[in-house]
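Structure, as structure tokens:
The values are calculated or read from the model by the stated rules, or taken from the named source; none is laboratory data. Every value quoted in this text rests on a predicted model; they were computed, and no experiment measured them. Don't worry about glycine lacking a Cβ; one is built from the backbone with ideal geometry, like all the others, and counts go over all protein chains shown. Ligands, DNA and RNA are stripped out before the accessible areas are found, and what is left, the full protein with its side chains, is counted by its heavy atoms. Shrake-Rupley method; radii C 1.70, N 1.55, O 1.52, S 1.80 Å.
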Amino acid sequence: MLTEREITPRQTRYVTTITNALATRGHATNAELLGDIRSEFPEVSITTVHRVTSRLKARGIIGAAPSAASGAERFDTNPMPHHHFMCGQCGSVCDIPQTNEALKVMHQLKELSGRCAIAGMLTMQGTCLDCARKETT
Ligand SMILES: [Zn+2]
Ligand SMILES: [Zn+2]
């Protein structure tokens, strides 16, 4: 029978640090999280980060955000389903507030679609403010 490997105090510290790093960013890939914690834990590998984020996601502590442009899995500090905006230039994502308007759009889409069941949340595409500023300079 498979049992979860024993969790050492060191691993508990990884979990805490990775959870905090994700909370600071809001959304991040394993590679970004690894970069964030490298100064504190130089010995941590991408495999360890992957194991921690997979486990946190399976437990519903963190959620999934739209994948990065590279196709890399991206995690969300907020495990509840919500809409995202994704920049087509730099690939950054941010949350779209769950305003009445956003919920109304979702409701209308559900009615319009008729024959198909919408399961996922929306990902709006566009250009973020940072990239828009770069374009004008
Ligand atoms: Zn951008
Ligand atoms: Zn999000």
Among the residues of region 45-54, are any charged (D, E, K, R), out of contact with any Lys or Arg (no Cβ under 8 Å at 6 or more places or on another chain) and away from ligand 2 (no atom under 11 Å from the Cβ)? yes
Can you name the condition, by its number, that G26 falls short on among (1) more than 19 Å from Q125 (Cα to Cα); (2) within 15 Å of ligand 2 (Cβ to nearest atom); (3) out of contact with any helix residue (DSSP H, G or I) (no Cβ under 6 Å at 6 or more places or on another chain); (4) open to solvent by less than 60 Å² (accessible area, probe 1.4 Å)? (1)
Residue check for A65: within 16 Å of ligand 1 (Cβ to nearest atom) and in contact (Cβ under 8 Å) with a residue 12 or more places away in the chain: yes
Matching entry among T16, T12 (being without any contact (Cβ under 8 Å) to a residue 40 or more places away in the chain, surrounded by 11 or more Cβ atoms within 10 Å (Cβ to Cβ), assigned to a helix (DSSP H, G or I) and over 12 Å from the mean Cα position of the chain (by Cα)): T16
Provide a single number: the residues in region 74-109 that are free of Cβ contacts under 8 Å to residues at least 24 places away in the same chain and within 16 Å of ligand 1 (Cβ to nearest atom). 1
Give me the residue from region 29-44 that is within 16 Å of ligand 2 (Cβ to nearest atom) and crowded, with 19+ Cβ neighbours inside 10 Å and, out of that set, farthest from the chain's Cα centre (by Cα). L33
Is it fair to say G60 is assigned to a loop (DSSP other than H, G, I, E, B) and open to solvent by less than 20 Å² (accessible area, probe 1.4 Å)? no
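Condition test on V49, is it assigned to a helix (DSSP H, G or I) and touching a residue at least 24 places away in the same chain (Cβ under 8 Å)? If you could, list the steps in order and put the result at the bottom.
Working: assigned to a helix (DSSP H, G or I): yes; touching a residue at least 24 places away in the same chain (Cβ under 8 Å): yes.
Taking the combined requirement at face value, the residue satisfies it.
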